[in-house]
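The values are calculated or read from the model by the stated rules, or taken from the named source; none is laboratory data. For clarity, every value in this text was computed on a predicted model and none was experimentally measured. Cβ placement follows ideal geometry from the backbone for every residue including glycine, while neighbour counts extend to all protein chains displayed.
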There are 2 protein chains.
Amino acid sequence: MEKALQELKKLLGEVMDLQGAAAVLNWDQQTFMPSGGAETRGEQLGTLAKITHDKATSPRIGELLEKLTAVGYTDPDSDDARLVRNGLKDFTKASKVPSSWVAEFAQVTAVGQEAWEKSREGSDFSKFQPHLEKIVRLRQQYAEYFKPYDHVYDPLLDDFEPGLKTREVQAIFTGLRDEQVNLIKAISSRPQVDDAFLKRQYKEEKQKAFGEDVITRFGYDWNCGRQDKAAHPFTTSFGLGDVRITTRYLEDDGASGLFSSMHEAGHAMYEQGISPTIKRTPMFTGASSAIHESQSRMWENLVGRSHEFWTFYYPKFQAAFPENLANVSLDTFYKGINKVQPSFIRVEADEATYNLHVMLRLEIEIALLEGSILVKDLPAFWNHKMQEYLGITPKNDTKGVLQDVHWSAGLIGYFPTYALGNLISLQLWEKINADIPSLPDQIRSGNFAELLDWLRKKVHTHGAKFEPQDLVQRVTGSKITPEPYIRYLKKKYSEIYGF
Amino acid sequence: MEKALQELKKLLGEVMDLQGAAAVLNWDQQTFMPSGGAETRGEQLGTLAKITHDKATSPRIGELLEKLTAVGYTDPDSDDARLVRNGLKDFTKASKVPSSWVAEFAQVTAVGQEAWEKSREGSDFSKFQPHLEKIVRLRQQYAEYFKPYDHVYDPLLDDFEPGLKTREVQAIFTGLRDEQVNLIKAISSRPQVDDAFLKRQYKEEKQKAFGEDVITRFGYDWNCGRQDKAAHPFTTSFGLGDVRITTRYLEDDGASGLFSSMHEAGHAMYEQGISPTIKRTPMFTGASSAIHESQSRMWENLVGRSHEFWTFYYPKFQAAFPENLANVSLDTFYKGINKVQPSFIRVEADEATYNLHVMLRLEIEIALLEGSILVKDLPAFWNHKMQEYLGITPKNDTKGVLQDVHWSAGLIGYFPTYALGNLISLQLWEKINADIPSLPDQIRSGNFAELLDWLRKKVHTHGAKFEPQDLVQRVTGSKITPEPYIRYLKKKYSEIYGF
């Protein structure tokens, strides 16, 4: 059996190597690649994807997994037991999808991506519509490969949140929606906060230096990573010892680039904290997209937008930009970076409105897959829902239904993870604060070591050994639930807006 | 047959995609990779190499090549005819080498590389000796797979100079050696030139701006490439539209980084000029290492160290570094950058001594493979030969036998290409100047377009369709020969040193 296990690890290791190589090519494409290299890069990534899929679904891996599944492991949570258990699930799932579907999906989304970009330029949804129709049809077909299911959305969601069911997500969101809508109403009835001082000129060079100082203090390991610029910030892991982040700076916004760096550093520290004992296995990644987002949002919001954090950092920030901030007090600054304002673009949304953007998308995705709305009716549906949740209507589709890259990339099933990540971040945060009562004081002193250490031990080290619900249960004692997040929002914003 | 050809192109295209992916990983490793990523990167490159070798030697490719070889092509120089002809040679060669040898060689050179570095640190050849012994033994074994051969060195040389025989190289070098040794004696008997002004402080930022201006004017296409810093400058092609170069700047040397950029741009413009009709095939690369070197050395030396070039550029260079050059005349500068001085390190050698370094290494490589000297006797043999050729003896082995990375990397057979490249560059140069009589005037005006256009049409566009001797014959009317280079050296240095 030891021999079979070694062979399995070798074969899975090769799959991981190929995925890591593709990640390097993707990173380069978004950071340094000259424009002339695009076509060639597409071919290389296509070939890597094809070979990776072939290797990951090779019959030999299936045989080995079957053989090893028959073994009784003394500790079902051991690395080896989990490798086999999770490996079998992944293999079974991947094997149900024919190569022809994989190839067609790759082709349709590649073309769809281009169509989406053109569609955005003229804010003309009709150009993207036929492509999105194909993508939805392919995603419906994808779900069919996993029949029987409770819900057509389940197989898609499972790709990002292993084990989680659509009904669970809907139940969680139902408890959350009205609370958030009511909160926004309460806030809008109060005097609004001022953040004009954030919209002055903030030199990129100084933003960069400040942001690097912050994430260094957080604990981002520069020996095992680096930060570059990219149009759309992201984090990517190439495997053990190389987890990179990207950011972008807006010179007319003092905070946007900084929060982006904190966010990506949160993702990256998660990957940097996975146990080396599971390196080069499929478990050497985050447990799920939502757990990943819980880490990025924790560092960005629970730490980065807290009064404690700025008690330490505001004097330094003020010193870096005296021309903008000399006359702005800490409290004014704190309120400014936490300003609530219903807006059209999800990625720029504040904490109070963010989840509503996500819920809107989940409703749409489910309706599309169920067939209860048609792609052609999407813009109207979108605008109707925006009005219902946020009380605003976008001027055009580029600021509305065309804003996100996900659907053109075929990523249906991904959106809920953004909101779930917020919820989980608070469940963890309450537990952390119970375990480390002095944490607020530590943050006020610019000390994040104990926080990171807690996250390392409780969350990061496990990688993807456990499914997200299981992991949240193990760490916090309950499954994913919205109450801590609702408590947090109410407390934070009632203080800021005085209601 | 058309179907078989399409299938062959598809399979070879995948091999090229994998090679391109590995090139991206290698480039990143030498430019941006954080130190923590080294182990993982090694695994990824190992897996890519293995899969690439498996794909390139797949029986299906052999079948298709055999089938297609039976076809009579109307034009034996057409892309398709050459694809099949060259493909069969590559396939046959690769198939003769067992995977076990490939794996052992990869392992031995990986360990050898580390041992070489340690050996250099303490200038202790004995630490590297057992590794080099293994490498030589493996290279002898490699040659055996290609029996019968005229010379044991032939199969190794053929990897870098397809079709070229050891006896041909030896004949070429025999005519060259005495001429170069005599030239150096003539130079050393004359008053020496001064280049102290080059060894002052030259700010990196200004060097960079100047170098970029030069290679832009040469015709390096930045839409299809970029330049970054690396400890050891190199050029790498990822395929159509993405050919990158690297350089390094020495702040106490005003010329080193600049000539390095010109050299690499020469390599890169070659790759950028290959016909798109053969993209994603094994012909989408240079014809050989020597042809490649003929391009880099041409731009670096025949253009970059010429009086014509500096007639145009020296005023600009002087303006960039007035603190160093205000009182240095064009003629003094020209002599300074062409100073001849026998030195220990090949990569820093001037044009008059460079080839002697290469001949020394060829003698050693042949002697090692033939078994006429033993690895343990290498340091003494090296020093003896350095004295004979250049009249100097290195103080230690780091400055002597341990200076180059090639042997630890298993690259035996590569060195002669450096000298052959110099010779070819002059054969081409004489032909170019015959075809474009106004070229010196054009260069004096900073105009390189017609030169590049000539190279594109005569050399670059063909990629690796023709073997090097064949290509040189087609373009210049004769095979590789040292006479033009000897003429060039004599004329240039008799003018500079006045003999």
For this session: Could you tell me which numbered condition A:Thr481 fails, if it satisfies all but one of (1) under 21 Å from the mean Cα position of the chain (by Cα); (2) in a helix (DSSP H, G or I)?
Result: (2)
Problem set entry | In the stretch A:300-311, residue farthest from A:Leu489 (Cα to Cα) [restricted to those that are part of a helix (DSSP H, G or I) and in contact (Cβ under 8 Å) with a residue 40 or more places away in the chain] | A:Thr311
For this session: For residues that are among the polar types (S, T, N, Q) and not in a loop (DSSP other than H, G, I, E, B), scanning just the stretch A:427-440, find the one that is surrounded by the most Cβ atoms within 10 Å (Cβ to Cβ).
Result: A:Gln427
Exercise. Could you say whether any residue in the stretch A:94-101 is away from chain B (no Cβ under 14 Å), surrounded by 17 or more Cβ atoms within 10 Å (Cβ to Cβ) and part of a loop (DSSP other than H, G, I, E, B)?
Worked result: yes
Exercise. Applying the selection to the stretch A:57-78, what residues are at pLDDT 95 or above and surrounded by 18 or more Cβ atoms within 10 Å (Cβ to Cβ)?
Worked result: A:Ile61, A:Leu64, A:Leu65, A:Leu68
Exercise. Any idea how many residues of the stretch B:119-150 are under 23 Å from the mean Cα position of the chain (by Cα) and not charged (D, E, K, R)?
Worked result: 5
For this session: Could you identify the single residue in A:Lys199, A:Lys185, A:Lys208 that is away from chain B (no Cβ under 14 Å), out of contact with any Phe, Trp or Tyr (no Cβ under 8 Å at 6 or more places or on another chain) and within 23 Å of A:Phe333 (Cβ to Cβ)?
Result: A:Lys199
Exercise. Considering the stretch B:192-233 alone, what residues qualify as being among the basic types (Lys, Arg) and farther than 15 Å from B:Ser260 by Cβ?
Worked result: B:Lys199, B:Arg200, B:Lys203, B:Lys206, B:Arg217, B:Arg226
Problem set entry | Extreme residue, nearest to A:Ser425 (Cα to Cα), among residues of the stretch A:290-319 that are among the hydroxyl-bearing types (Ser, Thr, Tyr) and either surrounded by 23 or more Cβ atoms within 10 Å (Cβ to Cβ) or touching a His at 6+ places or on another chain (Cβ under 6 Å) (or both) | A:Ser294
For this session: Output yes when any residue across the stretch A:126-144 is assigned to a loop (DSSP other than H, G, I, E, B) and of a type in the set (Asp, Glu), and no when none is.
Result: no
Seminar exercise, completed: Among (1) away from every other protein chain (no Cβ under 14 Å); (2) crowded, with 17+ Cβ neighbours inside 10 Å; (3) out of contact with any His (no Cβ under 9 Å at 6 or more places or on another chain), B:Arg190 falls short only on (2)
Exercise. Only one of (1) crowded, with 19+ Cβ neighbours inside 10 Å; (2) outside any helix (DSSP H, G or I) is not met by B:Thr353, so which one is it?
Worked result: (2)
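Every residue, every condition in (1) part of a helix (DSSP H, G or I); (2) on the phi < 0 side of the Ramachandran plot; (3) in contact (Cβ under 8 Å) with a residue 24 or more places away in the chain, yes or no:
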residue	(1), (2), (3)
B:Ser372	no, yes, no
B:Trp382	yes, yes, no
B:Tyr389	yes, yes, yes
B:Asn396	no, yes, yes
B:Leu402	no, yes, yes
B:Ala409	no, yes, yes
B:Tyr418	yes, yes, yes
B:Ser425	yes, yes, yes
B:Asn447	no, yes, no
Exercise. If we scan the stretch B:136-146, do we find a residue that is surrounded by fewer than 17 Cβ atoms within 10 Å (Cβ to Cβ) and over 25 Å from B:Lys376 (Cβ atoms)?
Worked result: yes
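Does A:Lys9 satisfy the criteria of being without any contact (Cβ under 8 Å) to a residue 40 or more places away in the chain, over 30 Å from B:Pro276 (Cβ atoms) and not polar (S, T, N, Q)?
Working: without any contact (Cβ under 8 Å) to a residue 40 or more places away in the chain: no; over 30 Å from B:Pro276 (Cβ atoms): yes; not polar (S, T, N, Q): yes.
Criteria not met by A:Lys9.
Looking at A:Phe259, A:Phe238, can you tell me which residue is away from chain B (no Cβ under 14 Å), aromatic (Phe, Trp, Tyr) and surrounded by 15 or more Cβ atoms within 10 Å (Cβ to Cβ)?
On inspection, the qualifying residue turns out to be A:Phe259.
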Exercise. Is it true that B:Arg217 is of a type in the set (D, E, K, R) and touching a Pro at 6+ places or on another chain (Cβ under 9 Å)?
Worked result: no
Exercise. Which ones in the stretch A:89-124 are closer than 12 Å to A:Leu402 by Cβ and among the hydrophobic types (A, V, I, L, M, F, W, C)?
Worked result: A:Ala115, A:Trp116
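Scan the helices (runs of 4 or more DSSP H) fully inside the stretch B:1-88 and keep the ones with 1 or more residues being over 23 Å from B:Lys465 (Cβ atoms) and within 12 Å of another protein chain (Cβ to nearest Cβ).
By residue number, B:2-31, B:38-56.
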Exercise. Does at least one position in the stretch B:30-42 carry a residue that is crowded, with 20+ Cβ neighbours inside 10 Å and small (Gly, Ala, Ser)?
Worked result: yes
